[in-house]
Amino acid sequence: MKKGDIKLLITGAIALFMACFLGIITLIVFAVKLGGKAMEYDWKGAFGNSCSTNASIED
Amino acid sequence: MNKTEYLNRLSNELGHMPYGDVKDIMQSIEEHFDEGLSEGRSEEEIAAGLGDPKELANEFKDGAKFNQIMKKRKKVDNGRDGTGRIFVVVFNIFVGVAMWLVLLAAIIAALCILGVDLGIIGVIVASIIMGKITEFIVPFIFLLLTLICVAIFLVVILILGIKYYGKGLKAYIRWNRHVWNYGLGED
C-alpha cells in the first residue's frame, strides 16, 4: 500500500468516525426538538375534540 | 517466430525494466537459443518452448530468474496433467466470478448511495437557502454535516475500491493464467 493510499484510508476512517458522531448528535438534537414540540402540542385539545365528536356521533 | 523476432518482441515487452537487467535477460535468452540450436532444434521450436514473449517478460518483471522460468517450462513440457485447468474452470464457476461480481456490485451500490447522499445534501442546502427550513434548522445543519462526512467516506471507499479492484482483478487474471499454464502446487 502506498503512502497516499494510507493517507486516504485515514481520511476515510476519520470521516466515518465523524459521520457516526455527528449522526448520534443529529438524532439527539432531532429528539430534543421533537420532544419540545410534543410538549408544546395541545394533546388534550386534540384528543378532547375527537372524543367529543365520537360521543356526539354515538348520541 | 524466429530468434530475431522473438528477441525483438521480448526486448519491447521488457522496455520499462532497468537497462542492466534487460541486457542480462537478453543475453540469457540468446544463450538459450544458441544451446538449442547446437542440440539441433530449430529457432521456431526454441521460441515456442519459451512461450509468449509478453508472458515471459511479465515473469521477469515479477522478479523471476531465467533458471526458475526454464524449470517451470520444462515441468510444463514434461507433463501437463490438466488439473490446473480444471481447477481454474471450477474455481471460477463457483467462487472466482461470483466474488468479483459481488465486489463490483458493492462498488456500484456505494456509487448509488453516494449519489443519493449528494442529492439529499443538495435538497437540504436548497431548502435552507430558500428559507423552507426555519424551525428545525439546527438538527438539519447537523444532518447536513453528517451527510457530508458520509459522502467523504464514500468517496474515499470508492477511490480505494476502484483502484484495488482493478489491481486485484489484474493479479487474479495473472494467477489464473499461471495456474492454467503451470498447474497447482508449484510457484
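Every read-out reported here was derived from the displayed coordinates using simple, explicitly stated rules and does not represent laboratory data. Computed from a predicted model, the values in this text were never measured in an experiment. With ideal geometry, Cβ positions are generated from the backbone for all residues, glycine too; neighbour counts draw on all protein chains shown.
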Convert each backbone phi in the stretch A:11-26 into a coupling constant with the Karplus relation 6.51 cos²θ - 1.76 cosθ + 1.60 (shift: θ = phi - 60°), then list the ³J(HN,Hα) values in order as whole Hz, x for Gly and Pro.
4, x, 5, 5, 4, 5, 4, 4, 4, 5, 4, 5, x, 5, 4, 4
How far apart, in nanometres, would the label points at residue B:167 and residue B:35 be if each is projected 7 angstrom from Cα along the Cα-to-Cβ direction?
3.6 nm
Normalised by the number of residues in chain B, what is the relative contact order in percent for Cα pairs under 8 Å and 6+ residues apart?
25 percent
In the stretch B:3-78, how many lysine pairs have Cα atoms under 19 Å apart, counting only pairs 8 or more places apart or on different chains?
13
For residue A:40, project a label point 7 Å along Cα to C-beta. Then give me every residue of the stretch B:136-164 with its amide nitrogen under 16 Å of that point.
B:136-140
Ranked from highest to lowest mean number of other Cβ atoms within 10 Å per residue, what is the order of the peptides B:163-172, B:22-31?
B:22-31, B:163-172
Counting only other chains, what is the mean number of Cβ atoms within 10 angstrom of the Cβ of each residue in peptide A:26-33?
5
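Only Lys, Arg, Asp and Glu count, each charged at its Cβ (+1, +1, -1, -1), so figure out the dipole size of chain B about its Cα centre, rounded to 20 debye.
In total the dipole reaches around 680 debye.
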How many Cβ atoms of partner chains, on average, are near each residue of B:130-137 if near means within 10 Å of its Cβ?
1
Per-residue mean of C-beta atoms belonging to partner chains within 10 Å, peptide B:45-56:
0
Tell me what chain B gives for mean residue ellipticity at 222 nm when only DSSP H runs of n ≥ 4 count, each as -39,500 (n - 2.57), the sum divided by the residue total, rounded to 500 deg cm²/dmol.
-27500 deg cm²/dmol
Any chance you could list the semi-axes, whole Å, largest first, of the equivalent ellipsoid that the Cα gyration tensor gives for chain B, using √(5λ)?
56, 20, 11
Please report, ordered by residue number, every helix of chain B (full DSSP H runs) that is 20 Å or longer along its axis going by C-alpha atoms and whose mean Kyte-Doolittle hydropathy reaches 1.0.
B:97-130, B:137-182
Peptides B:147-156, B:43-52 ordered by average Cβ neighbours within 10 Å, highest first
B:147-156, B:43-52
